[in-house]
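Attaching a single structure in structure tokens format; questions to follow.
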Amino acid sequence: MKIELENILPEQIENRSFAIIESELPKDREIDALQKPVIKRVIHTTADFDYLDNLKFSEHAVEQALAALKKGACIVTDTNMAKAGIHKASLEKLGGAVHCFMADEDVAAQAKRRGCTRAVVCMEKAAQLGQPFIVAVGNAPTALVRLYELITEGKLTPELVIGVPVGFVNVVQSKELMMQTGVEYIVAAGRKGGSNVAAAICNALIYMAAGER
């Protein structure tokens, strides 16, 4: 069988990929104009069109995230993998930065002492930042559960929660809890997600806020 490859320059690959995604989106379905860049970037990252239905947005999620980013809000994530995947140069142009506290010695020590996950302590540490921030959870459902508790206790009000942990144990439940807080959210319903998805959502929002891509 003859296999034909597209002859395309490296710098054109991303644009070509997005053109393919656009062509394969359902023609009989209207997608919210602000949500569409987020959905497309997640599909680009995963090659999974299920995210067209899996991604759930609260009413003003994208608008609030863009406004916060334009004012210099930072991003807190639960994995260094997600932190590595977020486009820091574009975020820095907006006055923001990315934080991940998972490897901090004080976080590790407190988690061991209390018998809880580092992700739980990370969310508590985020509450002490003293500045507006977006939370991007791509791995630990315990982070979402602790966020839910902190929010309902009135100790924390993120500008946006990106809740896309992947897995089987308490993953679905943690996402459902987050959607009940009243805080703006972007959640991947069901078991799918991951640090790459969290980073992709962050990047889509950053690029939109910065007027890039």
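The values are calculated or read from the model by the stated rules, or taken from the named source; none is laboratory data. What you are looking at is a predicted structure, and each value in this text was computed from that prediction instead of being measured. Backbone-built Cβ (ideal geometry, glycine too); neighbour counts: all protein chains shown. To get the accessible areas, we keep the full protein, side chains included, count just its heavy atoms, and leave off ligands, DNA and RNA. Shrake-Rupley method; radii C 1.70, N 1.55, O 1.52, S 1.80 Å.
Hey, what angle do you get for helix 195-210 against the long axis of the chain, alpha-carbon based, 0 to 90 degrees rounded to 10?
For helix 195-210, the angle is close to 80 degrees.
Can I ask one more? Based on the alpha-carbon gyration tensor of the chain, what equivalent-ellipsoid semi-axes (square roots of 5 times the eigenvalues) come out, in whole Å, largest first?
30, 18, 18
Also: At what distance in nm do the modelled label points of H60 and E30 sit from each other, each positioned 7 Å from its Cα along Cα→Cβ?
2.2
Whenever you get a sec, compute what percent of the accessible area on the chain sits on carbon and sulfur atoms (1.4 Å probe).
Roughly 50 percent, rounded to a whole number.
Scan around H99 for amide H atoms under 5 Å from its own, H built in the peptide plane at 1.01 Å from N, and keep only partners 5 or more places away or cross-chain.
Excluding prolines and chain starts, which carry no amide H, the hits are I75, V76, T77.
I want to verify a result. In a Gaussian network model of the chain, Cα cutoff 10 Å, which of these has the top mean-square fluctuation: I162, I21, I186?
Highest fluctuation of the listed residues: I21.
While we're on this one: Considering the options L156, V166, Y207, tell which one lies farthest towards the positive end of the dipole of segment 92-213, charges being +1 on Lys and Arg and -1 on Asp and Glu at the Cβ, about the Cα centre.
Of the candidates, V166 comes out farthest on the positive side.
While we're looking at this one, here's another question. Can you tell me, using C-alpha contacts under 8 Å and at least 6 residues apart, the relative contact order of segment 117-180 as a whole percent?
38
Roughly how tilted is helix 61-70, in degrees to the nearest 10 and between 0 and 90, from the longest Cα axis of the chain?
80
Cα centroid distance between segment 180-196 and segment 23-90, in Å?
11
Next question. Can you give me the Cα centroid spacing of segment 145-160 and segment 112-142 in angstrom?
10
Quickly work out the R16-to-D53 label distance, labels modelled 7 Å from Cα along the C-beta direction, and quote it in nm with one decimal.
My value for the distance between the label points is 3.1 nm.
Now a separate question. Return the calculated 222 nm mean residue ellipticity for the chain, to the nearest 500 deg cm²/dmol, obtained by summing -39500 (n - 2.57) across DSSP H runs with n ≥ 4 and dividing by the residue count.
-14000 deg cm²/dmol
If you average the sequence gap of Cα pairs under 8 Å that are 6 or more apart and divide by the length of segment 35-179, what percent do you get for the contact order?
For segment 35-179, the relative contact order is 22 percent.
Once you charge only the Cβ atoms, +1 for Lys and Arg and -1 for Asp and Glu, what is the size of the charge dipole of segment 1-115 about its Cα centre, to the nearest 20 debye?
Details: 16 positive and 19 negative charges, 90 e Å.
Taking the Cα centre of segment 1-115 as origin, the dipole is about 440 debye.
Rounded if a/c is under 1.5, else prolate if a/b is larger than b/c, else oblate: which is segment 108-204, with a ≥ b ≥ c the root eigenvalues of its Cα gyration tensor?
Numbers: a/c = 1.44, a/b = 1.16, b/c = 1.24.
The shape class here is rounded.
Assign one of three labels to segment 7-70, namely rounded, prolate or oblate, based on the Cα gyration tensor with a ≥ b ≥ c the square roots of its eigenvalues; rounded applies when a/c is under 1.5, prolate when it is not and a/b is larger than b/c, and oblate otherwise.
oblate
Magnitude of the Cβ-charge dipole of segment 71-213, K/R +1 and D/E -1, about the Cα centre, nearest 20 debye? Numbers along the way, then the final one.
Values: 15 positive and 12 negative charges, 51 e Å.
The calculated dipole for segment 71-213 is roughly 240 debye.
If I ignore ligands, DNA and RNA and count only protein heavy atoms, how much of Y185 is accessible to a 1.4 Å probe, in Å² to the nearest 10?
Accessible surface of Y185 is approximately 40 Å².
In a GNM of the chain with a 10 Å cut-off on Cα contacts, which of E159, E22, E124 has the highest mean-square fluctuation?
E22
Pairs to check: K56/K192; K36/K83; K56/K175; K83/K125; K70/K93. Give those whose C-alpha atoms are more than 18 Å from each other in this structure.
K36/K83
Can you give me the distance in nm between label points at L9 and Q180, each placed 7 Å from the Cα along the Cα-to-Cβ direction?
Going from the L9 label point to the Q180 one covers 5.4 nm.
Still on this structure, I have one more. For L160, enumerate residues with amide H under 5 Å from its amide H, sequence gap 5+ or separate chain, H modeled in the peptide plane.
Long-range HN contacts for L160: V135.
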